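Peer 1: Pasting a structure below so you can have a look.
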Amino acid sequence: MLGLYIHIPFCVSKCKYCDFNSYKLDLDEKKKYLKSLEKEMSFYKDEIKGKKIDTIFIGGGTPSILRGDEIKVLFDNIKANFKIKKNAEITMECNPGTLTLDKLKIMKDCGVNRLSIGLQAVQNYHLKYIGRIHTFEEFEKNYYQARKIGFENINIDLMYALPNQSEEDWKESLEKIVKLNPTHISAYSLILEENTELFDMYNRNEFKLLDEDTDIVMYEYTINYLRSNGYNQYEISNYAKEGYECKHNILYWKCENYVGIGASSSGFLNGTRYNNISSLPGYEKMILEGKKPIEWEEKLGIKDEIEESIFLGLRMNEGIKFKDFKDKYDFNFREKYKNEIDKLEKLNLIDINELGMRLTQKGREISNSVFVEFMD
């Protein structure tokens with residue numbers, strides 16, 4: 001499996017909770033950046049020669065901030081530099097407020113077959129408080145436009161444990177989205193990150209965070225409600241109708257190879273992880289010099305690979321298979337981690353059988369505590 005991730009770092013304005021590498025839109029900067037993306041793609045043309053791309057993900061930022069002609073040029077450049085499988089999953093992140101009927105048509109013509117639409121909440125007062133630029137009504141309009149054009153595979157992003165959000169607010173968000181019948185729903189608990197506006201607002205006592213017990217109640221309700229409506233939880237925060245699991249994200253969780261293109265993008269090729277430089281001037285300078293804009297890279301040792309395979313694999317509901325570790329690393333997983341497994345099983349944090357191991361619901365609720373047991 002081989003994936004391709006391309007980062008579009010521009011937004012109309014930065015959401016208050018966002019710590020991703022994103023910048024307020026500057027037209028001249030956007031023009032330079034798209035040229036740099038084209039050049040960076042060419043750097044990988046020979047490296048993955050003969051290999052075909054299974055999944056493409058255009059993320060951000062706000063990729064749908066691009067004009068229609070820019071979207072077309074971006075995909076022309078992708079096709080010129082990479083061989084793409086006929087049935088490849090091709091996702092584009094979109095935000096209401098930047099999405100139009102014409103852009104959706106162009107995305108479809110370019111081969112995009114999966115949309116990921118950022119919504120977060122159905123209540124306009126919550127959207128405004130966290131800095132979203134759109135209303136729920138604008139989201140609905142875009143969603144119906146996408147359906148009309150023929151997009152069948154659509155993910156909707158939601159967030160719970162927002163400032164001042166009640167359990168009833170969250171239930172209303174889930175109910176309204178389920179009625180729209182998307183194929184995929186991502187539901188994340190708010191994490192306050194440093195260097196975000198929401199983090200500063202919290203430190204000024206402008207709102208209180210929900211307590212951990214309420215967060216868990218909302219999480220458990222999400223799992224049960226979505227399951228009862230035909231959405232299978234296949235990863236800690238992701239739910240899909242049968243056959244619509246996100247192949248690109250699964251590729252990450254299974255430690256498969258992927259190329260990362262753009263400022264702050266990360267990639268994983270032939271056992272080496274790398275991260276591109278985050279600043280736009282620094283990124284563009286290295287591209288102009290004919291260099292890959294890599295800020296750091298690390299060849300993973302066997303120990304690192306094993307640990308990554310464990311904690312990424314356990315994110316998925318299917319968990320990890322012991323045979324995979326035997327085949328790839330030539331060791332008996334149950335013997336090597338006997339003490340850790342016994343401890344976690346007694347605490348009802350994992351389910352285990354002769355084939356493999358996965359988190360229980362209790363384990364998913366405190367997953368980071370489980371992962372750390374396998375880290376030296």
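The values are calculated or read from the model by the stated rules, or taken from the named source; none is laboratory data. None of the values given here were measured: they were computed from a predicted structure. Glycine also receives a Cβ, built like all others from the backbone with ideal geometry; neighbour counts cover every protein chain displayed.
Peer 1: Where residues in the range 116-150 are more than 15 Å from Glu93 (Cα to Cα) and of a type in the set (A, V, I, L, M), which of them is surrounded by the most Cβ atoms within 10 Å (Cβ to Cβ)?
Peer 2: Ala121
Peer 1: Now for a different question. Among the numbered conditions (1) within 23 Å of Asn155 (Cα to Cα); (2) not assigned by TED's automatic domain parsing to the domain that holds Asn181, tell me where Lys241 comes up short.
Peer 2: Result: Lys241 passes all but (2).
Peer 1: Go through the range 170-185 and report how many residues are surrounded by fewer than 20 Cβ atoms within 10 Å (Cβ to Cβ) and either touching a Cys at 6+ places or on another chain (Cβ under 9 Å) or assigned to a helix (DSSP H, G or I) (or both).
Peer 2: Final tally of qualifying residues: 7.
Peer 1: Related question: Regarding the range 88-95, can at least one residue be identified that is over 20 Å from the mean Cα position of the chain (by Cα) and of a type outside the set (Ser, Thr, Tyr)? Before you say what the answer is, go through the steps one by one.
Peer 2: Narrowing the range 88-95 to residues over 20 Å from the mean Cα position of the chain (by Cα): none.
No, that holds for no residue.
Peer 1: Just a yes or no: is a residue in the range 53-62 surrounded by 19 or more Cβ atoms within 10 Å (Cβ to Cβ), touching a Pro at 6+ places or on another chain (Cβ under 9 Å), closer than 28 Å to Met286 by Cβ and not polar (S, T, N, Q)?
Peer 2: yes
Peer 1: Related question: What are the residue pairs meeting all of these: first residue in the range 214-229, first residue assigned to a helix (DSSP H, G or I), second residue of a type in the set (Val, Ile, Thr), Cβ atoms under 7 Å, and 6 or more apart or on different chains?
Peer 2: Leu226/Ile185
Peer 1: Right, here's the next one. Has the range 314-329 got any residue that is at positive phi, among the small types (Gly, Ala, Ser) and out of contact with any Gly (no Cβ under 8 Å at 6 or more places or on another chain)? Explain how you work it out, then say what you get.
Peer 2: Here is the first cut: in the range 314-329, the residues at positive phi are 319.
Those still in the list that are among the small types (Gly, Ala, Ser) too: 319.
Now restrict to residues that are out of contact with any Gly (no Cβ under 8 Å at 6 or more places or on another chain): none.
No, the range 314-329 contains no residue that is at positive phi, among the small types (Gly, Ala, Ser) and out of contact with any Gly (no Cβ under 8 Å at 6 or more places or on another chain).
Peer 1: Note down all Cβ pairs under 9 Å where the first residue falls in the range 39-57 and is touching a residue at least 40 places away in the same chain (Cβ under 8 Å), the second is assigned to a loop (DSSP other than H, G, I, E, B) and surrounded by fewer than 12 Cβ atoms within 10 Å (Cβ to Cβ), and they're at least six residues apart or on different chains.
Peer 2: Lys39/Gly290; Phe43/Gly290; Phe43/Lys291; Glu47/Asn270
Peer 1: When Lys208 is evaluated against the numbered criteria (1) outside any loop (DSSP other than H, G, I, E, B); (2) at pLDDT below 95, which criterion, by number, is the only one it fails?
Peer 2: Among (1) outside any loop (DSSP other than H, G, I, E, B); (2) at pLDDT below 95, Lys208 violates only (1).
Peer 1: Go through Lys49, Lys45 for me and flag whichever is touching a Phe, Trp or Tyr at 6+ places or on another chain (Cβ under 8 Å), not small (Gly, Ala, Ser) and not in a helix (DSSP H, G or I). Give the derivation first.
Peer 2: Working: Lys49 fails: touching a Phe, Trp or Tyr at 6+ places or on another chain (Cβ under 8 Å).
One residue alone meets the criteria, Lys45.
Peer 1: Taking Asn270 as the residue in question, decide whether it is farther than 20 Å from Ile58 by Cα, of a type in the set (S, T, N, Q) and surrounded by fewer than 17 Cβ atoms within 10 Å (Cβ to Cβ).
Peer 2: In short, yes.
Peer 1: Moving on. Among the residues of the range 195-210, is any closer than 26 Å to Ile310 by Cβ and surrounded by fewer than 15 Cβ atoms within 10 Å (Cβ to Cβ)?
Peer 2: Here is the first cut: in the range 195-210, the residues closer than 26 Å to Ile310 by Cβ are none.
Among the residues of the range 195-210, not one is closer than 26 Å to Ile310 by Cβ and surrounded by fewer than 15 Cβ atoms within 10 Å (Cβ to Cβ), which makes the answer no.
Peer 1: Within the range 177-193, can one find any residue that is in contact with a strand residue (DSSP E or B) (Cβ under 9 Å, 6 or more places away or on another chain) and over 24 Å from Ala146 (Cβ atoms)? If you could, list the steps in order and put the result at the bottom.
Peer 2: Here is the first cut: in the range 177-193, the ones in contact with a strand residue (DSSP E or B) (Cβ under 9 Å, 6 or more places away or on another chain) are 177-178, 180, 182-190.
Filter once more, keeping what is over 24 Å from Ala146 (Cβ atoms): 189-190.
Looking for residues that are in contact with a strand residue (DSSP E or B) (Cβ under 9 Å, 6 or more places away or on another chain) and over 24 Å from Ala146 (Cβ atoms), one finds at least one in the range 177-193, hence yes.
Peer 1: May I pose another question? Can you give me the ranges of the strands (runs of 3 or more DSSP E) entirely in the range 64-169 with at least 2 residues that are among the charged types (D, E, K, R) and more than 22 Å from Asn181 (Cβ to Cβ)?
Peer 2: Values: elements: 83-94, 114-120, 153-160.
So the answer is 83-94.
Peer 1: Here are some residues: Ser13, Ser36. Which one is closer than 19 Å to Ser278 by Cα, loosely packed, with under 15 Cβ neighbours inside 10 Å and in contact (Cβ under 8 Å) with a residue 40 or more places away in the chain? Walk me through how you get there before you give the answer.
Peer 2: Details: Ser36 fails: loosely packed, with under 15 Cβ neighbours inside 10 Å.
Unique residue meeting the criteria: Ser13.
Peer 1: Can you give me the number of residues within the range 280-303 that are exposed (fewer than 14 other Cβ atoms within 10 Å of the Cβ), of a type outside the set (A, V, I, L, M) and over 30 Å from Asp330 (Cα atoms)?
Peer 2: 4
Peer 1: OK, next. Which of the residues belonging to the range 326-364 are part of a helix (DSSP H, G or I), buried (at least 17 other Cβ atoms within 10 Å of the Cβ) and charged (D, E, K, R)?
Peer 2: The one that is part of a helix (DSSP H, G or I), buried (at least 17 other Cβ atoms within 10 Å of the Cβ) and charged (D, E, K, R): Arg364.
Peer 1: Got at least one residue in the range 302-319 being over 30 Å from Asp215 (Cα atoms) and aromatic (Phe, Trp, Tyr)? Talk me through it step by step, then tell me what you get.
Peer 2: Here is the first cut: in the range 302-319, the residues over 30 Å from Asp215 (Cα atoms) are 302-306.
Now restrict to residues that are aromatic (Phe, Trp, Tyr): none.
Within the range 302-319 (the criterion being over 30 Å from Asp215 (Cα atoms) and aromatic (Phe, Trp, Tyr)), the answer is no, since none of the residues qualifies.
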